[in-house]
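One structure below.
The values are calculated or read from the model by the stated rules, or taken from the named source; none is laboratory data. All of these numbers come straight from a predicted model, not from anything done at the bench. Note that we place each Cβ from the backbone using ideal geometry, even for glycine, and neighbour counts take in every protein chain shown.
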Amino acid sequence: MVATTIDVRDVAKSFGSNPVLKQINLRLPAGQIMGLIGPSGAGKTTLVKAILGMEKVDAGTTTVLGTQMPNRQVMQRIGYMAQSDALYEDLTARENIRFFAELMSVPKPQLAGAIDHVAQVVNLTDALDRRVAAYSGGMKRRLSLAIALVQDPELLILDEPTVGIDPELRQQIWAELYQLKAQGKAVLVTTHVMDEAERCDYLMLIREGIALAQGTPQQLEQDYAVSTIEQVFLKAGRLQDESHSDL
Amino acid sequence: MRVIAIFKRVLREMLRDKRTLALMFIAPLFILTLMFFLFNTSSDTVAKIGVSNVDTTVVKAIKNKHVKIQHYGTQATAKDQVREDNLAAFIKQRRGKLTVTYQNSQPGDSALVRQALQDGLTKIKVQALVAATQTQKKALQQQAKVLKTLVAQQQQLAAARGTSQTGAPMTKSQQTHVSAPTNYQVTSHYLYGSADSTFFDTFLPILLGFFVFFFVFLISGISLLNERTTGTLTRLLATPIRRGEIITGYLMGYGLFALIQTVITVTFALTVFQIHMIGSVWLILLINFLLALVALSMGIFVSTFANSEFQMMQFIPILVIPQVFFSGLIPVDQMANWLQWIAHIFPLYYGGNALMNVATRGVGLSGIAFELIVLVLFATLFTTLNVVGMKRYRRV
Ligand SMILES: Nc1ncnc2c1ncn2[C@@H]1O[C@H](COP(=O)(O)OP(=O)(O)OP(=O)(O)O)[C@@H](O)[C@H]1O
Ligand SMILES: [Mg+2]
């Protein structure tokens, strides 16, 4: 049996009187890429943060790599890329990666090699010694991804990793994700790009805090009797709105 | 190891930011220089001195281009004349005793008078000494002449007898009179403040403490604020780092800069302005380091209540400026009772006290132990609050 990397059970969360997550269940086995899709404000980032233990949940539990969250030690085995870039602008890209690698306890002898490798994956090798303040938006995004990859984690949690990244580089990044998957690593990725959603092994559509639909892309397309994930997205939303007005 | 990573990053960021670096290291020197000239003798001010019944030799000796002498009758009292005629000082003589009353509301003027008086009295002593040595010299010359004739006589005698004789009886040497140098006894009074409450020498150690406190408070507070607003703090907490490790890394990084700042300012003051520091420089460094830790933990704590750098600046009039008043620049023991109580809640009160005691009174470690402990407690309190406060971002 394949090990479970993420196990979310009945998680609910509200900000004040605004319920953002309602009864979410999610299971991600190792060696799979799972996509979280849903309209803006649906609660994807909130769910990701709840999984990481960075957001307190009102009900339910999240377990990551066999440990109930929040847990400090498990963080070392998770590569996290936040939706907004959190980088030290006065430092160079190399210094940024090195800093986070040190925090993630990457052994010193492997440090230089690891930095070179991740820089190559995101195509930043030539700009590695430039200050982040002089980076473009897409470059910063790639640097954030490089930081998430640097400690060679068992689980990658990427919150909209390909925003502002050109198609060519996007291909390259997905190639890397497939390679990681082949090594038995798990990836959880949120996205608004439907062709990226098609590439996931498993999809979960969140809308208004509810896991509206989940399954493999093919399964979802069959269930909704449409031919693309984009149409699944739209149809599911329409159906949900209709059920509201029925009440 | 993670602490070291934070520490290295803080240093690196600081070194990149040349302006902040300059602010931290050069601004104190600039302010010190300004204060030095404000509080010390400037070449074109003249201090008025009132004299009553003082020897003319003394008055003549005191006189220089920085003081103006005004003569009063023997009945004149120091207090009244100083106030009426706005004198910097009033000197009264009774036999060999000089009583000096300083107005002391303008520290620079008091310094001028003190300087003039000291120079004058030294001049008198030197003159007396010179006179004395001259009489001695004359006497010695006379003795030498007598000796010469004696030796000549003896040589003649020896030649006659064929034997040499060394132990010739001395003729009675001439009595020489050496007059003792005129020694005036000086007692000083201060109408306002006291002798050591107004010196630049006294201000300096407190100022040092204030600089350290102010810059570390501001820079570390803003730095953590940036870390919070740019999201890097949340990102940091998505790594296995402990909350305490972040704070410790910050303490080490900014603590080091505070130490360097203190070393630069102390060295500057000691070498360029030749400030007298009686106590141990190491103690001064230790106190400033502790003050930096308090400022750092306070700055970080306060930054959680600010959402922008401008809001951080708004804490300066509330939290930093009042501390100046209670740091010892204004004598706390002359304040109203309730103000004295308020003084005790400010870290700079303890820091200033300790610095002044070490620098001007040469107090040792045991003498300032209480102040040091209080500073450590302040730092511990705020550090704990910071570590607990970070639970908002991650609960473990
Ligand atoms: N700290 C917070 N305080 C209050 N409300 C919040 C907070 N964070 C998120 N929310 C609310 O929770 C809801 C879900 O936000 P979330 O960031 O999870 O959306 P998302 O699905 O990631 O959207 P997007 O695709 O735009 O990134 C939104 O309505 C948002 O306003
Ligand atoms: Mg989001």
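Criterion applied to B:PHE257, B:PHE305 was being part of a helix (DSSP H, G or I), closer than 30 Å to B:SER223 by Cα and assigned by TED's automatic domain parsing to the domain that holds B:LEU381, and the one residue passing it is B:PHE257. For region B:93-124: of the residues being in contact (Cβ under 8 Å) with a residue 24 or more places away in the chain and among the hydroxyl-bearing types (Ser, Thr, Tyr), which is nearest to B:VAL59 (Cα to Cα)? That would be B:THR99. When you look at A:LYS44, is it within 16 Å of ligand 2 (Cβ to nearest atom), more than 14 Å from chain B (Cβ to nearest Cβ) and of a type in the set (Lys, Arg), yes or no? Yes: the conditions hold for A:LYS44. Restricting attention to region A:67-111, the residues that are over 12 Å from B:THR239 (Cα atoms), of a type in the set (D, E, K, R) and within 16 Å of the chain's Cα centre (by Cα) add up to 1. Looking only at region A:13-41, residues that are assigned to a loop (DSSP other than H, G, I, E, B), farther than 23 Å from A:LEU156 by Cβ and within 13 Å of ligand 2 (Cβ to nearest atom) come to 2 in all. Within this structure, B:GLY244 fails the test of being at pLDDT 90 or above, within 14 Å of another protein chain (Cβ to nearest Cβ) and part of a helix (DSSP H, G or I). Scanning region A:79-95 for residues that are of a type in the set (A, V, I, L, M, F, W, C) and within 8 Å of chain B (Cβ to nearest Cβ) gives A:ALA82, A:ALA86, A:LEU87, A:LEU91.
Condition check ((1) within 30 Å of B:GLU227 (Cβ to Cβ); (2) in contact (Cβ under 8 Å) with a residue 24 or more places away in the chain; (3) more than 14 Å from every other protein chain (Cβ to nearest Cβ)) across all residues:
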{"position": "B:MET1", "(1), (2), (3)": "yes, no, no"}
{"position": "B:MET14", "(1), (2), (3)": "yes, yes, no"}
{"position": "B:MET24", "(1), (2), (3)": "yes, yes, yes"}
{"position": "B:MET35", "(1), (2), (3)": "no, yes, yes"}
{"position": "B:GLN70", "(1), (2), (3)": "no, no, yes"}
{"position": "B:ILE91", "(1), (2), (3)": "no, yes, yes"}
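Scanning region A:103-122 for residues that are crowded, with 20+ Cβ neighbours inside 10 Å and facing chain B (nearest Cβ under 8 Å) yields a count of 2. Looking across A:ARG9, A:ARG72, A:ARG27, one residue alone is more than 16 Å from ligand 1 (Cβ to nearest atom) and touching a residue at least 40 places away in the same chain (Cβ under 8 Å). It is A:ARG9. Residues that are surrounded by fewer than 21 Cβ atoms within 10 Å (Cβ to Cβ) and more than 16 Å from ligand 2 (Cβ to nearest atom) were ranked within region A:75-86; the one that is nearest to A:LEU155 (Cα to Cα) is A:ARG77.
Just the residues that are buried (at least 22 other Cβ atoms within 10 Å of the Cβ) and in a helix (DSSP H, G or I), please, taken from region A:197-225. The answer is A:ALA197, A:LEU220. Looking only at residues of region A:163-179 that are under 25 Å from A:LEU103 (Cβ atoms) and out of contact with any Gly (no Cβ under 9 Å at 6 or more places or on another chain), we find that the one that is surrounded by the fewest Cβ atoms within 10 Å (Cβ to Cβ) is A:GLN179. Remark: pairs (first residue in region A:36-48, in contact (Cβ under 8 Å) with a residue 60 or more places away in the chain; second residue near ligand 1 (Cβ under 6 Å from one of its atoms) and of a type in the set (Val, Ile, Thr); Cβ separation under 8 Å; 6+ apart in sequence or on different chains) = A:GLY43/A:VAL20.
Against the condition at the interface with another protein chain (Cβ under 9 Å from one of its Cβ atoms) and under 30 Å from A:MET194 (Cβ atoms), how does A:SER144 come out, does it pass? When the stated conditions are applied, A:SER144 passes them.
Residue-by-condition table, conditions (1) away from chain A (no Cβ under 14 Å); (2) in contact (Cβ under 8 Å) with a residue 24 or more places away in the chain:
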residue	(1), (2)
B:THR230	no, no
B:THR234	no, yes
B:GLY249	no, yes
B:ILE260	yes, yes
B:GLN274	yes, no
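Of the candidates A:THR162, A:THR190, the single residue that is closer than 18 Å to A:ILE6 by Cβ and within 16 Å of ligand 1 (Cβ to nearest atom) is A:THR190.
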